[in-house]
1. Kindly express, to the nearest 10 degrees and within the range 0 to 90, the angle between helix 6-27's C-alpha long axis and the longest C-alpha principal axis of the chain.
2. So for the pair residue 108, residue 76, with labels modelled 7 Å out along Cα→Cβ, what separation do we get in nm?
3. Report, in deg cm²/dmol and to the nearest 500, the calculated mean residue ellipticity at 222 nm for the chain, where each DSSP H run with n ≥ 4 adds -39500 (n - 2.57) and the sum is divided by the residue count.
4. Spin-label point model (7 Å from Cα, Cβ direction): what's the residue 140 to residue 23 distance in nm?
5. Return a whole-number percent for the relative contact order of the range 69-125, with Cα pairs under 8 Å and 6 or more residues apart as the contact set.
6. Would you mind telling me the antiparallel percentage of the DSSP bridges in the chain, rounded to 5?
7. Remind me, relative contact order of the chain in percent, using alpha carbon pairs under 8 angstrom and six or more residues apart?
């Protein structure tokens with residue numbers, strides 16, 4: 001009978017393990033990519049919320065929180081309420097060690113109330129979000145040297 005020796009099997013397993021490790025490391029996004037992805041998502045959500053506030057005539061607020069951020073709307077009694085989990089504006093947790101900084105901003109039916117600026121950072125990567133005159137949110141990437 002012909003078969004594989006124990007040594008041949010161990011070499012094959014070692015090769016598969018090394019290749020698997022390389023694939024896992026390559027698939028995990030770096031800090032800069034993680035911050036970039038979260039910043040793009042937040043910018044799109046803010047732009048969409050601003051458009052929805054204009055279309056509905058109801059103000060929407062955005063506020064950073066520990067480990068994430070949330071969007072708020074006024075209830076029937078006039079109190080600010082978080083959007084429910086089923087909404088696109090549900091409270092969000094940020095991936096990894098990404099932190100968000102900024103002040104609460106209200107997106108009124110008539111546009112932003114004051115300039116908007118927030119930043120997302122982790123390690124040496126940072127992205128600053130700024131509002132434009134027409135409600136567009138721009139991203140500024142800052143790389144630590």
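1. 20
2. Spacing of the two 7 Å Cα→Cβ label points: 2.6 nm.
3. -11500 deg cm²/dmol
4. 4.2
5. Working: 60 pairs, mean separation 14.3, N = 57.
Averaging sequence separation for qualifying contacts and normalising by length gives 25 percent for the range 69-125.
6. The answer is about 100 percent antiparallel.
7. 23
Every number here is computed from the coordinates shown, using simple stated rules; none is lab data. Small disclaimer: the values here were computed from a predicted structure and weren't measured. Glycine gets a Cβ as well: all are built from the backbone with ideal geometry, and neighbour counts include every protein chain shown.
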